[in-house]
Amino acid sequence: MQLTWLLRLTLVFTLLVILMGAYTRLSDAGLGCPDWPGCYGHIKVPTRDHEIAHAQNIFPDHDIHPEKAWLEMIHRYIAGGLGLLVLCILVLCLKTPAAPKKLPLIILLLILFQAALGMWTVTMKLMPIVVMSHLIGGFGLISLLLLLYLRTRPRRIFNSETYAKNLAPLALLSLFVLVGQIMLGAWTSSNYAALACTSLPICEGNWVDNLTIVEAFSPFQGEHHSFEFGVLDYPARMTIHIAHRIGAIVTASLLLVLAYRLFVGATGLRALSLLLVGLVILQVSLGISNVVMHLPLGIAVSHNGGAALLLLTLVAINYFLWRKA
């Protein structure tokens, strides 16, 4: 019981870290503190005159923006708290005979790697491949935490094993496609390509002739003083944006097919199938709203949260189907 409640708390905390990370990134506060793990050489944002003077001496090329620095530091504080929760989960699992042992250890190693990615995000000045990896790591972390939670709470699926075997591959394919779409979304955000197209359904103008796939998806974009606000030209950003839109159409269609087949044949998973439909509709609506309303902060952050909830739903569906199969 204690482990169950701790895992629930950690899942909520992880979602909060993901949302706070998105809010920090979308507020252009990713370099609010130019060093790590402190901020301008302090454990908190410098606010007093002598602290600000000291910070300006250490970082003469940086303008101090306290509001952005606080966003970055709050994100770090919450992430640090999450690390402590994960450590507590590992200790509790090791002390509980029936609890899994390898999975919580993997989760702890992942969060340590996430901390390293957080450091590299700052020291490498928001290099897109690092920013994307940091975001994907957060989604992977919350997925593994849900898997650990499900493994501590057995559940019986009331449908035939044959149907589960037939449907499990589709569910797994849907999960992989969704992960690919989340990676496209992370690449879009880290390259500041969210507003590269502002019309529907695909993009304005003769966009087909301006596609530059190699440049758009090259993981390394040369040496730059900073990658803040992006370094790619417009055709490359437009290509990334279009790929994300086409991916959204493919992903939404596949998830709706999966939801229908779950509702028809998997009696024990009907609630999850309805949740999947609702989240797909919500996520598509948020994506369209981002385009029409030119990326309002609240909707953009919610779009990140919707992706996390979709991923958790697919993880749960796959867990139950493959366990039954």
Residues of segment 96-106 classified as closer than 21 Å to Gly140 by Cα and either among the aliphatic types (A, V, I, L, M) or loosely packed, with under 14 Cβ neighbours inside 10 Å (or both), total: 6
Yes/no for Gly41 being more than 16 Å from Leu146 (Cα to Cα) and within 21 Å of the chain's Cα centre (by Cα): no
Criterion violated by Cys93 - all others in (1) touching a residue at least 60 places away in the same chain (Cβ under 8 Å); (2) hydrophobic (A, V, I, L, M, F, W, C); (3) surrounded by fewer than 15 Cβ atoms within 10 Å (Cβ to Cβ) satisfied: (3)
Segment 213-266, subset more than 23 Å from Ile281 (Cα to Cα) and of a type in the set (Phe, Trp, Tyr), residue least open to solvent (accessible area, probe 1.4 Å): Phe227
Filter pass, Trp70 being out of contact with any helix residue (DSSP H, G or I) (no Cβ under 7 Å at 6 or more places or on another chain) and either open to solvent by 40 Å² or more (accessible area, probe 1.4 Å) or modelled with pLDDT of 95 or more (or both): yes
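If I filter segment 307-319 for residues that are aromatic (Phe, Trp, Tyr), in contact (Cβ under 8 Å) with a residue 40 or more places away in the chain and buried (at least 19 other Cβ atoms within 10 Å of the Cβ), do I get at least one hit?
no
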Subset of segment 1-38 (residues that are outside any helix (DSSP H, G or I) and closer than 21 Å to Tyr149 by Cα): Met1
Single condition Thr24 does not satisfy, out of (1) within 17 Å of Leu297 (Cα to Cα); (2) in contact (Cβ under 8 Å) with a residue 60 or more places away in the chain; (3) of a type outside the set (A, V, I, L, M): (2)
Within segment 276-304, tally of residues that are open to solvent by 50 Å² or more (accessible area, probe 1.4 Å) and hydroxyl-bearing (Ser, Thr, Tyr): 2
Identity of the residue in segment 16-36, out of contact with any Gly (no Cβ under 8 Å at 6 or more places or on another chain) and of a type in the set (A, V, I, L, M, F, W, C), that ends up most open to solvent (accessible area, probe 1.4 Å): Leu16
Of all residues in segment 199-212 being exposed (fewer than 13 other Cβ atoms within 10 Å of the Cβ) and in contact (Cβ under 8 Å) with a residue 24 or more places away in the chain, the one that is nearest to Ile249 (Cα to Cα): Pro201
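The values are calculated or read from the model by the stated rules, or taken from the named source; none is laboratory data. Treat the numbers as computed from the prediction; the structure is a model and nothing was measured. Neighbour counts are summed over all protein chains in view; Cβ atoms, including those assigned to glycine, are modelled from backbone coordinates with ideal geometry. Quick note on the areas: whole protein, heavy atoms, side chains included, nothing else; ligands and nucleic acids left out. Shrake-Rupley method; radii C 1.70, N 1.55, O 1.52, S 1.80 Å.
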